1. Looking at ASP638, is it among the acidic types (Asp, Glu), closer than 30 Å to ARG586 by Cα and free of Cβ contacts under 8 Å to residues at least 12 places away in the same chain?
2. Quick one: how many residues across the range 125-170 are touching a residue at least 60 places away in the same chain (Cβ under 8 Å) and basic (Lys, Arg)?
3. Pairs needed: first member in the range 185-211, farther than 18 Å from SER139 by Cα and modelled with pLDDT of 90 or more; second member anywhere, polar (S, T, N, Q) and surrounded by 24 or more Cβ atoms within 10 Å (Cβ to Cβ); C-beta distance under 8 Å; at least 6 residues apart or different chains.
4. Inspect all residues belonging to the range 564-575 and state whether any of them is over 21 Å from ALA53 (Cβ atoms), in contact with a helix residue (DSSP H, G or I) (Cβ under 9 Å, 6 or more places away or on another chain) and in contact (Cβ under 8 Å) with a residue 24 or more places away in the chain.
5. Only residues that are assigned to a helix (DSSP H, G or I) and either at pLDDT 90 or above or not aliphatic (A, V, I, L, M) (or both): list them for the range 658-676, please.
6. Given the conditions (1) within 28 Å of ASP815 (Cβ to Cβ); (2) modelled with pLDDT under 90, which single one is not true for ALA870?
7. Being crowded, with 16+ Cβ neighbours inside 10 Å, acidic (Asp, Glu) and farther than 30 Å from ASP853 by Cβ narrows it down to one residue among GLU967, GLU944, GLU877; which is it?
8. In the range 593-615, what residues are more than 21 Å from the chain's Cα centre (by Cα) and among the charged types (D, E, K, R)?
Amino acid sequence: MTRSLNARWTPWLKAKLVKQFLALSVILLCIAPVPLAWADNVVIGVLAFNGKAQARTDWQPMLAYLQQKRPEHRFELLPLNFSEINEAVEKQQITFLITNPLQYLQLSYEYQLSGVLTLKRHFGSVSFSQMGSVIFRRSENTQLTDLSQTANLRIGLVNARSAGGKIFAESEFAQQGVNFNELQKLHYYHTHEGVVFAVLSGLADVGVVRTGVLEQLATQGQLNLNELTILAPKKPLDSECALDCKQTFPFLLSTELYPEWALMAMPNVPINLKDQIAATLLLMPNIEMPGSLGYLSWTTLANYEKVRRLMESLNIPPFVRLIEPLSLKVLWEKHRLESVVGLIMLGLLMAFLGILHSQNRRLTLVGQAFSNSEKARSALTQELKDALISSEFSQKQFKQLTQTALEGIVIMNVKGLIEFANPAAHKIFGYEPGGLFGIDLHRTLVPMENRSKAVEGFERFLITKKGPVLGTTQEMEALTKKGSKIWVSLSISSFELNQQVFVSAMISNVSEARAIRNELSSAKEQAEKYLAVVNAVIFELDGSFKVTMMNEFGAELVGWPVQAFKKLPFAQLLDQDADQLELNMRLREFELSQDSQLSVTLFWRHKSSGARLELKCDIFKEYDGRGEITGYVGSAIDVTAVVESQKAMQQTQTYFSTVVEKNQSGIMVINASGVIQFANPAAAKLLNRSLDLLLGNSFGIPISSAEEKIELDILRPNKTPGKAELTVSKTEWQGEPAFLLMIHDITDLHEAQVRIEKMAYYDALTGLPNRSYFDMQLAQVYARAKRNKTPFAIMFLDLNKFKSVNDTLGHHVGDELLIQTSQRIQNQVRASDVLARMGGDEFTLIVEGVNSDAELLALAQKIVDCFAPAFVLSKHELHISPSIGIARFPEDATDTGLLLSLADTAMYQAKKMPTNHIALYQPQMGVQTLQAFTLDSEVYSAFEKQDFEVYYQPQMAIESHQVIGYEALLRWNYDGALRSPDQFVPALESSGLIIKVGFWVLESALAQLKTWQAQGKPLTRISVNVSPIQLLDPNFVDNLANLLNTSDVDPHYLGIEITESAFMNNLKSIQNSVERMQSLGLEVHMDDFGTGHSSLALLKNLPFDVVKLDISFIRNIDSDKRDYNLVKAVISALHAMDIRVIAEGVESQAQLDKLVECRCDEIQGYIVSKPMSIEQFNHFTNPLAFS
């Protein structure tokens, strides 16, 4: 059966194999060393003068443009080094070549490549097709000014065959007498950037690169142009530019200009392909070249004669000038051996060329046959097929092919039964040879879950002769003989043989490949997850060290979005220009080295916080299959915290050593036996011993436990006695338990504590105990008296007329009086009595063990009598007497605070006595004190319960009899009866509550003005009395300004009244407040003028808007001529200072008439109205208004 099957399928398989043979023939033709004109591939070689990776990046945009415009071809870019270009041309590995002007001429001459186009560049508004060289040095090398000085210097070049990197500049050097062929210090750096960084780093003295390179590096932030100076600088004229160049050459230049790079075509490129490419590139828009400045396009082929003349002048092949004519005879005599060898080689070469010519002609004819037309190709295919079927593929050969094929071959009929399967198919599915013949493919080899779908698809194919899987290659699951699942790749097709339809399949087991793909996919997924969560910077760079990938961690580290890193030069991430230049040099050296890894330290800076970050970075090279560098991958770890910790630790160790050795406190370590193990210099100094005497000896003082403090008497270095404090704590010394002793010289501290204690408890002037010491002693006496039920008394003493002594004779006399007073009193009391100075001229005395008032009065009289002799003070003899108040425990009070207060009360009563100023406290004296305490408490309660009210009293203009203002007056509604301010304002002021209450009155006045404003009533001024205590509050004016801003009331309608007594002791402060209030737009009134010590001179310095004459001036103005004349004179003087006048307390028409005569401006008093509540005010009518 096998033989019949083989015979049956032999013709079909022969036809299949013929097709495979034809395909193989085409492939062989493609890879054979014959012209590429017939291939779909168009390989464009390009000179990689700056590295192959950079070349791929630079020319990729042009390649993409060609692929888009000419999809019928497949374009490939092949970067080539200088040494690789000739080999690529000789082996015909390229279709077109882009190279520099020198190679263009050399290849045109040697290999007959034809020029197509010339490169055109665009920078800013300038377009040009020329290039040159720029020669430069470091700016700091000021001694080098001319090319003639470079003969013995290190000259950095790109390549011996580089046009811009050597040849163009060589002519300029030659003109200055510097011959490159004679120099020993020419250094080649492979790339233009390498030359620049070699000069910057001092590896070379002079550098040569093509025009535009320096500007490119400066734009990328890798170079500061000020660091370089151009040698032999040139600025070409417009006439040097090409016809399409209307402006001066835009780059730094040291040489003449020469035509740009050329696009060349291989000799055997068909003219139509050459024309297609040329036309497409001429229409190409300006495309950005990542590795250079500006954009590029193409223009018609330039004239390269100028380059040819340059090559000839420099003896560059093939344009070498012979120095002297040579004859064959001379050559034979000088080079006989070489000539013989050369002739032999020439003969062999001619023979080889003859053979090669015949072979090449035969291959060319074959190639022409393939390229003539599709019809010719089909004819050739049929011819080969017939030949193969008839002669080449016998039954034996067919069997050999199918038996040795690596892929499984399966053929099934319309019933789905397998009629043929080769050994490879049996092996894939696990069957013994012949085991697949006759089985149902779908029901045997297709898994159950896919079986019905496969059967339906096959039945549909039998009807329609179409199917989605025909002509395709798909992967699907299949079953082996053992029932296990495998993945197979199927290439399915159908055919007819003897009018019967068959389906064939080429089968490969891809289970292992699929598992590898899955593993790779899983690994990729895991890698992406790792990149997302790893606490390290992961990045990728292209061949020019620009970032192509940065992970999220790296982006977050510098505070940039991930997209911001794309195409960013890696060195620009560094925050210092010098660091960027150094890194660029390191990277270029790494690129040119044989090393596969570069480790560097980077310093980045966070965008928003500005924090400087230190990173340890490792960069690795990535290679393609040909060993070329395709890019770089790297990782970096933020070591900022670690480095800072290390520095801190080093500093701490240094500081610790310094602290221990140079500490002024003694530091010692003793072991458990009390033997000194360590002592610093300060310890030896404090203990008055040398270190040799301390170390190894017993400390001498037993140490019982840790956390112990011991005071020692020491002899200080100046031989004076002192004190030291020894602090003990547990520690270890060389692994054994020990004690750490800290020894502090506390002599000064001890003395300072004594002084501080004296300052804290004793009066600095008199040396007597002060208030603090008195309170402490009083508490002890009280506790003792209460415990023992014994009496004691407090005497409160004050000097009469002491203020007058200070004011008239000066404080120094007053101080001397207090000193002498304390001495006289001390001489009269017992040592057990406690005498203290409370402050000012007040003294207190605690007397214990006195059982009667008579004894107390006798002691007090004794003290008074000691004041009888005159006090001699600075040549002044003064007679001063004291006033003494006495309070007794427990008779007068059982509380020390109240007892002291009662003694104070009794002292003030003693002051009122005409003689013998001594008073024992009596209960009636406490009534007044109690009333004062009670009033203080009541005003607080009244404010909390809102018992205070604002009344308003009108102020009338005398001339118009119109009410033009009101004074806001504070009243206290005390159980239905009103209290006037003089009854409670002193309590408000003494308690400090006046600040809150006064501010509330201001708020009420502004609220009333705002109410009138809302009701549409005409606004009139409201003036408010302000206490001197309010004015002394540093925040008063600011709070008032804020209140005005929030009230939305014009400040012009608010007046502030200040009593003249407020200025007596605080003139400067009050003056400042008045000026600030006037700057807010407020009117400021002086109230109660004439009741204090005010004068017109005071008003001159305080520019009040209004002065209010006190009622004492007005009361008798109609009956006392002197009052009348005084008022008239004061008003006249105030008018002269542009101050308005308001008369207070006007109650009669007679008083009003006199004020009219005195030309007073306004009046306020009962004649107009008494102060009114808000309810009364709403019904008020002016009784004096003109009808």
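1. No, not satisfied.
2. Residues that pass the stated criteria total 3.
3. ARG210/SER133; ARG210/SER162; THR211/SER133
4. Yes - at least one qualifying residue is present in the range 564-575.
5. Answer for the range 658-676, where residues must be assigned to a helix (DSSP H, G or I) and either at pLDDT 90 or above or not aliphatic (A, V, I, L, M) (or both): THR658, GLU661, LYS662.
6. Exception for ALA870: condition (2).
7. The conditions single out GLU967.
8. Once the filter is applied, which keeps residues that are more than 21 Å from the chain's Cα centre (by Cα) and among the charged types (D, E, K, R), the range 593-615 yields only ASP595.
The values are calculated or read from the model by the stated rules, or taken from the named source; none is laboratory data. Quick caveat: nothing in here was measured; it's all calculated off a predicted structure. Cβ sites come from the backbone with ideal geometry, for glycine too, and all protein chains shown count toward neighbours.
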